[in-house]
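Data first, discussion second: the structure below is written as structure tokens.
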Amino acid sequence: MRHLADPSAKHWPGLAAVPDAAARARVAKRLFLTAVRGLRVRVHLPGGRVVGGGGFGDPVMRIARPDEFYRRIGAHGLIGFGEAWMTGAWDADDPTGVLTVFARRMDTLIPRPLQKLRRWAVAVRPAEEENTPSGARGNISRHYDLSNDLFALFLDETMTYSSALFEPGDTLADAQRRKIDAVLDAAAVGEGTRVLEIGTGWGELALRAAARGAEVVTITLSEEQRVLARGRFREAGVADRVDVRLCDYREVSGRYDAVVSVEMIEAVGERYWPAYFAAIDRALEPDGRACVQAITMADDRMRAARDTWTWMHKYVFPGGLIPSAEAIDDALASHTRLRVVHRRQFGPHYAETLRMWRERFLGRADEVAALGFDATFRRMWEFYLAYCEAGFRSAYLGVSQFTLARRVR
């Protein structure tokens, strides 16, 4: 049996103590047991009882401490569901399989009459997570400045932290380079092209753009990423063609033939999508092209989630919101001269990318621990990767490359 977390009050304040929410727990228990009756999942409870609509071969969820499980859900909803995983109140050998079953029925898990009470039941986003220029720096730092060494343990050699684009026989690194090349092709990046990249990551896109003969300005809010990316540019001999800046997209100046941004918009926040696209519009030459790779969700789901503070916000990505394709179109139409002239969708490729990341992360758990990340963190990170993979496997989430231009060429 694998080791389950026992979060300390010192390192995980607010998580170590089980919420005192007996009345809410009774409601949560009733709703949960009703919901799983219609799901292809088997839920094992202490004493040998098994509930759920699943049969042999369907995913198995084990609830080790039901009282804690229901109290956390009753007190904090889906945040509590994730926290119950972090503490080991529930477990699964295949958490992605379990979460995929729930994700496929996310819209109907709560009875429709009770969905009207959602605004009073869900947590509201903290004001300090607002993506103002200073707030955005703090939000980005909380995730991307954790440790370059941590990310290196589960990413491939390209250090690319976004969906790959697979062809048969590809390694993960092959598929990441294929994705990056698709972005650069969409933005018509070639010899002599002046390129702005919003969101450096660890530098692979800028490296490949420079290898094509482009001159690149790439911006990031992560000091950890900037340090590593600069080192990679020097080692590759392209430091004279790549300028990496610690800079907010709202502070960008100059004009460029191409603007590229890969999975940056999810961290921007709905209030600032107009400013994000307006910055791209200002930076782009009249006949230039942009390519934005974005995780997406259905418009009705996005609107329902726009004011919600989720487990993902609390523990992994503070301050963000996944857009819908319609929201992107609306922001472009209302605040820019740009329009979407092509869209490539490849959601299943993200599920495969996340599967590979999760397997790499779990396979190097001892090395993660050696970096100073405790068992609660490791369970949190496993849940994060499984949660995201389930979102794409269920098609609750998608990912697209949007090519933007002022006119169709």
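The values are calculated or read from the model by the stated rules, or taken from the named source; none is laboratory data. Keep in mind the model is a prediction, meaning the values are calculated, not measured. Positions of Cβ are backbone-derived with ideal geometry, glycine not excepted, and every protein chain shown enters the neighbour counts. To get the accessible areas, we keep the full protein, side chains included, count just its heavy atoms, and leave off ligands, DNA and RNA. Shrake-Rupley method; radii C 1.70, N 1.55, O 1.52, S 1.80 Å.
How long is region 335-397 along each principal axis, judged by its Cα atoms, biggest number first, in Å?
50, 26, 16
Could you pull out every residue, at least 5 positions away or on a different chain, whose amide H is within less than 5 Å of the one on VAL399? Hs are placed 1.01 Å off N in the peptide plane, and Pro or chain starts have none.
Close amide H contacts, sequence-distant or interchain: THR296, PHE346, GLY347.
Once you place label points 7 Å from the Cα toward the Cβ at ARG105 and ARG245, how far apart are they in nm?
5.2
Under 26 Å between alpha carbons: how many lysine pairs meet that in the chain, if sequence neighbours fewer than 8 apart on the same chain are excluded?
So the count of such lysine pairs works out to 4.
With n ≥ 4 as the cut-off for DSSP H runs, can you work out [θ] at 222 nm for the chain, using -39500 (n - 2.57) per run divided by the number of residues, rounded to the nearest 500?
Using -39500 (n - 2.57) per qualifying helix, the result is -14000 deg cm²/dmol.
For region 189-242, just say rounded, prolate or oblate: build the C-alpha gyration tensor, square-root its eigenvalues into a ≥ b ≥ c, call rounded for a/c under 1.5, and beyond that prolate if a/b exceeds b/c, oblate if not.
Judged from the Cα gyration tensor, region 189-242 comes out oblate (a/c at least 1.5, b/c at or above a/b).
Using a 7 Å offset from Cα along Cα-Cβ at ARG282, what residues in region 237-251 end up with backbone N under 14 Å from the label point?
Inside the label zone: 248-251.
Whole-Hz Karplus ³J(HN,Hα) for region 161-167, in order, using 6.51 cos²θ - 1.76 cosθ + 1.60 and θ = phi - 60°, x for Gly and Pro?
Working through the residues one at a time gives 10, 7, 4, 7, 10, 8, 10 Hz.
If amide H atoms are built 1.01 Å from N in the plane of the peptide, which residues on other chains or at least 5 residues away come under 5 Å of the amide H of TYR256?
Distant-sequence amide H within range of TYR256: LEU284, GLU285.
So for PHE56, PHE166, what's the accessible-area order with a 1.4 Å probe, most first?
Ranked from most to least accessible, the order is PHE56, PHE166.
Which of HIS342, HIS313, HIS76 moves most in a GNM of the chain, Cα contacts under 10 Å?
HIS342
Would any residue of region 159-185 have its amide N under 18 Å from a label point 7 Å out along Cα→Cβ of ARG364? List them or say none.
In region 159-185, the label zone of ARG364 (backbone N under 18 Å from the point 7 Å along Cα→Cβ) covers 159-164, 171-177.
Counting only DSSP beta bridges with both residues in the chain, tell me the antiparallel percent, nearest 5.
50
In nanometres, what is the gap between the two model label sites at ARG65 and ASP174, each 7 Å from Cα along Cα-to-Cβ?
My value for the distance between the label points is 4.6 nm.
What does the net charge come to around PHE383 if you take all other residues with beta carbon closer than 13 Å to its beta carbon, with K and R at +1 and D and E at -1?
-1
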